[in-house]
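Data block below; observations after.
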Amino acid sequence: MMSITYRLPQVRNLVTAFPGPKSAELATRRKAAIAAGVASSLPVYAADADGGVILDVDGNSLVDLGSGIAVTTVGASNPGVVAAVQEAVTHFTHTCFMIAPYEGYVAVAEKLIEHTPGDHAKKVALFNSGAEAVENAVKIARIATKRQAIVVFDHAYHGRTNLTMAMTAKVMPYKQGFGPFAGEVYRVPMSYPYRDPEGLTGAEAAARALLLVEKQVGAENVAAVVIEPILGEGGFVVPAEGFLPALSAWCTANGAVFIADEIQSGFARTGAWFACDHEGVVPDLMTVAKGLAGGMPLSGVVGRAELMDASHASGLGGTYGGNPVACAASVAAFEAVEELRLLERARHIEGLIRQELGDLVGAGVVGELRGRGAMMALEFVKPGTSEPNPDAAKAVAGACLAEGVLILTCGTFGNIVRLLPPLVIGDDLLTDALGVLKKEILAAG
């Protein structure tokens with residue numbers, strides 16, 4: 001990584017208890033104004049963020065190992081992104097690309113075509129959120145194949161809209177009480193090496209899932225198979241080698257669309273531009289969001305031109321889709337990944353995490369350390385077993401916060417601590433935060 005000049009000191013520094021008085025005052029205002037269903041992980045309110053730190057309104061400096069859930073990959077206030085946004089807003093904030101188009105939308109599409117897997121002809125449509133991208137990828141697959149069935153996987157997360165809730169596996173908090181959900185969505189087993197029968201290969205896990213598809217859905221009815229190449233909210237599960245290629249090959253053989261949901265795993269997060277790259281998998285369609293625009297809201301679908309062109313005119317779009325300011329930020333974020341060599345940096349971060357935490361595996365509460373690049377996770381279990389231990393994960397996350405380290409939990413069983421640091425975090429700050437995490441894990445048993 002090239003040398004970076006940070007605006008804020010890259011240190012962990014606590015000056016008040018949590019929450020401090022200003023955060024407590026904001027919490028009171030929030031309670032009166034914000035819907036209870038909108039929850040936050042932290043009891044503090046952000047005032048500034050830079051590099052690997054978040055500064056709260058009371059002056060506490062926290063180490064950020066969450067990146068706004070994998071969004072601030074190039075930093076929460078990357079200078080190139082900031083400059084691009086400032087330049088863009090001096091001209092216009094919106095015209096609607098469906099009314100008066102502009103170059104920024106085209107430029108982001110060109111960047112996606114260049115960096116996504118495969119050298120075939122591709123096209124792009126831009127939207128606002130990850131869930132919106134997933135919805136549109138399904139629309140494209142259905143109109144292109146003239147089929148209806150969508151195959152998804154155990155532990156999957158695809159969003160909170162009605163269709164994407166149906167595609168998401170976990171009931172609480174994402175689906176509870178919000179049904180009925182969209183139909184023609186079918187769930188099959190995921191490759192989960194830590195919890196699968198010992199020795200089950202990726203090809204065998206794929207055969208297990210695809211047999212159910214063929215017998216319970218019918219290959220001729222499948223419009224698309226949709227999968228996160230590395231599970232996100234489901235626990236950062238990396239499928240066994242061969243699982244993704246087998247699914248892709250089945251889709252090709254059976255006329256279905258293979259859709260890779262790279263919303264959390266994409267955009268340099270895993271040490272490659274996209275997680276599919278690690279096994280040379282070339283999706284028919286890919287959904288992207290989160291890190292795509294350096295913190296600005298932007299998502300998209302990129303894929304084979306003949307599929308992307310299957311819709312009639314105006315069948316795809318949205319008022320804010322491909323907002324010009326977000327597009328300017330995205331072009332700058334692509335440039336930052338290349339200029340700062342952040343693919344290499346993500347791989348270096350993985351090495352540091354494995355070096356600092358690897359010896360915890362198999363003793364005490366850590367059953368597995370897994371992931372790729374700067375998308376790493378620890379699965380917490382009850383000592384001496386593989387039984388999920390969500391209480392330990394929650395306790396460790398809380399104890400780390402009390403010491404100024406922000407980490408996130410996830411997983412179907414709530415027993416995963418996930419690590420998603422910004423790729424621009426410095427080694428010293430990351431090592432300090434990992435030291436706190438390790439200490440608290442050891443204290444948890």
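Values in this text are rule-based calculations from the coordinates and carry no lab data. All values reported here derive from a predicted model rather than from experimental measurement. Quick reminder, even Gly has a Cβ in these numbers, built from the backbone with ideal geometry, and neighbours come from all protein chains shown.
By the rule of a C-alpha distance below 16 Å, with chain neighbours fewer than 8 residues away ignored, the aspartates and glutamates paired with residue 382 are 368, 391, 440.
In terms of distances greater than 32 angstrom between alpha carbons, the cross-link table entries 22/394; 175/439; 175/290; 31/139 yield 175/439; 31/139. Taking a sphere under 14 Å around the Cβ of residue 327 and counting the other residues whose Cβ falls inside, with K and R at +1 and D and E at -1, yields a net charge of -3.
Provide the FRET efficiency to the nearest 0.05 for the residue 176-residue 5 pair, computing r from the beta carbons and using R0 = 35 Å. After rounding, the FRET efficiency stands at 0.15. Loop-located GluC sites (Glu not before Pro) in segment 15-104 (DSSP state other than H, G, I, E, B) with a sparse environment of at most 15 neighbouring Cβ atoms within 10 Å are absent. Taken one residue at a time, the phi angles of segment 134-142 give Karplus couplings (6.51, -1.76, 1.60, θ = phi - 60°) of 4, 4, 6, 4, 5, 4, 5, 4, 5 Hz. Gly and Pro are set to x.
Subtracting the Cα-Cα distance of residue 427 and residue 15 from their residue separation scaled by 0.36 nm leaves 146.0 nm.
Rounded to the nearest 20, the size of the Cβ-charge dipole of the chain about its Cα centre is 1040 debye, with Lys and Arg at +1 and Asp and Glu at -1. R0 = 41 Å: FRET efficiency of residue 33 with residue 220, Cβ-based, nearest 0.05? So the FRET efficiency works out to roughly 0.20. With 10 Å bins beginning at zero, the pair-distance distribution over Cα atoms of segment 42-174 amounts to 9, 24, 33, 26, 7, 0 %. Whole-Hz Karplus values for segment 336-343 come out as 5, 4, 6, 5, 8, 6, 7, 5 Hz, taken residue by residue from phi with 6.51 cos²θ - 1.76 cosθ + 1.60 and θ = phi - 60°; glycine and proline positions read x. Can you figure out the FRET efficiency of residue 42 with residue 319, using R₀ = 25 Å and their beta-carbon distance, to the nearest 0.05? E(calc), rounded to 0.05, equals 0.20.
Derived scalar couplings between HN and Hα for segment 242-252 equal x, 5, 5, x, 5, 5, 4, 5, 4, 4, 4 Hz in order, rounded to whole Hz, by the Karplus curve 6.51 cos²θ - 1.76 cosθ + 1.60 (θ = phi - 60°), x for Gly and Pro. Gain on full extension, evaluated as 0.36 nm per residue between residue 355 and residue 26 minus their Cα-Cα distance, stands at 114.5 nm. With a simple spin-label model that places each label point 7 Å from the Cα along the Cα-to-Cβ direction, the separation between residue 92 and residue 160 comes to 3.2 nm.
Basic side chains Lys and Arg get +1 at the Cβ, acidic Asp and Glu get -1 at the Cβ, and with that the dipole of segment 82-339 about its Cα centre reaches some 880 debye. For residue 123, the aspartates and glutamates whose Cα comes closer than 15 Å to its Cα, not counting residues fewer than 8 places off in the same chain, are 110, 114, 284, 306, 309. Distance between Cα centroids, segment 138-181 to segment 375-439: provide it in whole Å. For segment 138-181 versus segment 375-439, the Cα centre distance is 28 Å.
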